[in-house]
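The values are calculated or read from the model by the stated rules, or taken from the named source; none is laboratory data. Here the structure is a predicted model, which is why all the values come from computation and not from measurement. Every residue, glycine as well, gets a Cβ built from its backbone with ideal geometry; the counts of neighbours run over all protein chains shown.
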Amino acid sequence: MVRFTVLASGSKGNATVVSGSRTSILVDCGLSCRELFRRMKLAGEEPEALDAIVITHEHSDHVNGVVVTARKLGIPVYFTEATHRAWMRWLSPRRQMSYAQWLELCRKQAAERQAEADASTDEGEPEEAGDLAESRSHAEEVEQSVAAEVPQEATPEAPTRQQGPTWLPAVEYFQAGQPFAIGDIDLSPFTIPHDAADPVGFVLKAEGVRMGYATDLGYISPNVKAQLRGVDLLLLESNHDLEMLRDGPYPWAVKQRVLSRVGHLSNEATAEFLENGYDGQAAYVILAHLSENNNLPELARGTAERALSGRASLLANRLLLAAQHEFLSGIYF
Ligand SMILES: [Zn+2]
Ligand SMILES: [Zn+2]
């Protein structure tokens with residue numbers, strides 16, 4: 001039995017559970033841990049059954065709950081290396097700092113570290129926080145690997161034991177273009193055009209069922225199009241209505257960002273793909289990451305339906321909408 005449950009989708013948080021018969025993973029963790037668990041239970045999913053969290057990119061609507069959730073469940077988090085580094089940089093300095101202040105802090109901390117190294121003091125390690133103590137050896141591995149790979153000046157606060165804000169029970173790296181497996185789920189990550197360090201979409205495969213997951217992309221590149229061929233379920237961004245965005249409340253610079261080649265897919269761009277670029281194989285098409293300010297569910301649905309209805313072979317596709325504030329009932333294969 002394969003199950004695909006969208007818990008939340010949109011700029012205030014994204015999270016989807018994908019389960020095979022032996023393995024359950026969370027794709028993106030943009031809800032707070034409390035809200036994530038609440039919604040999982042409502043959707044009939046058990047938080048304790050999760051084996052791993054996989055992150056598409058470091059924007060807050062995809063990572064907000066990852067630290068608390070991973071620590072609470074004691075499960076690994078999968079990132080690309082560049083996404084992990086960007087996420088650590090984002091989380092480490094206090095976010096209200098200006099960039100200049102942050103750079104100054106980096107310099108100061110680098111100088112302090114240097115002074116400490118020069119003094120070559122040999123102090124014992126700080127004591128553990130109780131309930132995470134048994135993960136210590138894992139934590140050490142993570143910290144050592146991170147410390148070895150991350151240039152000192154780039155991380156003012158590299159994770160230090162369990163106390164660090166970016167400490168996770170375990171971190172695993174994957175690369176776009178290099179398939180990997182978590183238990184009985186195979187994942188094929190692919191690069192998407194978006195303004196993040198190293199953003200990816202996925203094709204997930206369990207028990208022969210292929211599920212495509214692509215949100216947060218400025219346009220559908222030839223590679224994305226190729227990756228999304230032959231999927232049984234397609235979750236695809238349908239972020240904004242072009243007119244609503246143009247006439248809407250966002251400042252000009254934000255509108256430009258959303259519309260850019262590294263922004264978000266409009267209803268129209270998604271429809272164009274569904275009509276001309278998509279192979280029509282999926283039993284379910286889920287429109288996702290709808291903007292609350294610049295879109296309406298009925299507009300997204302109508303635009304996609306018109307695109308699909310233009311192709312007789314596609315009438316079997318079931319069109320669903322993922323929402324921000326409610327989970328979408330699990331889809332079973
Ligand atoms: Zn997003
Ligand atoms: Zn994003």
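Quick notes on this structure:
- Restricting attention to the stretch 233-246, the residues that are over 19 Å from S9 (Cβ atoms) and either of a type in the set (D, E) or not assigned by TED's automatic domain parsing to the domain that holds G13 (or both) total 1.
- Criterion (surrounded by 24 or more Cβ atoms within 10 Å (Cβ to Cβ), away from ligand 2 (no atom under 16 Å from the Cβ), over 22 Å from V209 (Cα atoms) and within 16 Å of the chain's Cα centre (by Cα)) met by exactly one of L36, L26: L36
- Restricting the first member to the stretch 48-64 and to residues that are modelled with pLDDT of 95 or more, and the second to residues that are within 8 Å of ligand 2 (Cβ to nearest atom) and part of a helix (DSSP H, G or I), the beta-carbon pairs closer than 9 Å and six or more apart or on different chains are I55/H62; T56/H62.
- With respect to the conditions (1) under 14 Å from the mean Cα position of the chain (by Cα); (2) away from ligand 2 (no atom under 16 Å from the Cβ); (3) aliphatic (A, V, I, L, M), A82 falls short on a single one, namely (2).
- Among residues of the stretch 175-197 that are closer than 18 Å to W87 by Cα and away from ligand 2 (no atom under 16 Å from the Cβ), those with a beta-carbon under 9 Å from a residue that is β-branched (V, I, T) and in a loop (DSSP other than H, G, I, E, B) at least six positions away or on a different chain give the pairs Q175/T80.
- Condition check for S19: within 16 Å of ligand 2 (Cβ to nearest atom), assigned by TED's automatic domain parsing to the domain that holds R71 and either touching a Cys at 6+ places or on another chain (Cβ under 9 Å) or among the polar types (S, T, N, Q) (or both): no
- Scan of the stretch 171-226 for residues that are in a strand (DSSP E or B), aliphatic (A, V, I, L, M) and out of contact with any helix residue (DSSP H, G or I) (no Cβ under 7 Å at 6 or more places or on another chain), ordered by number: A181, I182, I185, L187, V200, L204, A206, V209, M211
- Scanning the stretch 191-212 for residues that are within 12 Å of ligand 1 (Cβ to nearest atom) and more than 10 Å from the chain's Cα centre (by Cα) turns up I192, H194, D195, A196.
- Cross-chain or 6+ apart pairs with Cβ under 7 Å, the stretch 20-32 first and within 15 Å of D51 (Cβ to Cβ), then aromatic (F, W, Y): V27/F202; V27/Y213
- Residue check for A271: away from ligand 1 (no atom under 16 Å from the Cβ), of a type in the set (G, A, S) and either part of a helix (DSSP H, G or I) or within 30 Å of G20 (Cα to Cα) (or both): yes
- Residue within the stretch 308-317 that is within 16 Å of ligand 2 (Cβ to nearest atom), assigned to a helix (DSSP H, G or I), touching a Phe, Trp or Tyr at 6+ places or on another chain (Cβ under 9 Å) and in the same structural domain as L328 (by TED's automatic domain parsing) present: no
- Residue in the stretch 227-254 that is farthest from ligand 2 (Cβ to nearest atom), counting only those that are more than 11 Å from S291 (Cβ to Cβ) and crowded, with 18+ Cβ neighbours inside 10 Å: D232
- Residue that is surrounded by the most Cβ atoms within 10 Å (Cβ to Cβ) [pool: residues in the stretch 191-224 that are out of contact with any Pro (no Cβ under 8 Å at 6 or more places or on another chain) and among the acidic types (D, E)]: D198
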